[in-house]
Amino acid sequence: MRLIERIFSWLAWGVGGVGILGVLPQVMAQLDAVQFAFGKTSISVLELFQGRYRWAW
């Protein structure tokens, strides 16, 4: 449980730092550019972080 808390803490501080530096939109664009294809479904790293999935039926 402690490991999960540390991971979320580091992620929150990292996003806050990137936001303060003003490069959050560029980082989000780069994360959205990295995509993984599973059959007809394409998932970006940004979508994985946001918890969104596009399912192509």
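What's the angle, to the nearest 10 degrees (0 to 90), between helix 24-33's Cα axis and the longest principal axis of the chain? With rounding to tens, the tilt is 30 degrees. Using the alpha-carbon atoms, what tilt in degrees (0 to 90, nearest 10) does helix 2-21 show relative to the longest principal axis of the chain? The angle comes out near 90 degrees.
If you bin all the Cα-Cα distances of the chain at 10 Å, starting from zero, the percentages per bin are 21, 40, 29, 10.
Averaged over its residues, the range 6-57 has an accessible area of 84 Å² per residue, based on protein heavy atoms and a 1.4 Å probe. Which of Ser44, Met1, Val23 sits closest to the plus end of the dipole of the chain, meaning its Cα is farthest towards the positive end, when Lys and Arg get +1 and Asp and Glu get -1 on the C-beta? Result: Met1, furthest along the dipole toward the positive end.
With all protein chains in place and a 1.4 Å probe, the accessible surface of the chain carries 70 percent carbon and sulfur.
The values are calculated or read from the model by the stated rules, or taken from the named source; none is laboratory data. Model, not experiment: these values are computed from the prediction. Counting neighbours? That spans all protein chains shown, and the Cβs are built from the backbone with ideal geometry, glycine included. Accessible surface areas use protein heavy atoms only, side chains included; no ligands, DNA or RNA. Shrake-Rupley method; radii C 1.70, N 1.55, O 1.52, S 1.80 Å.
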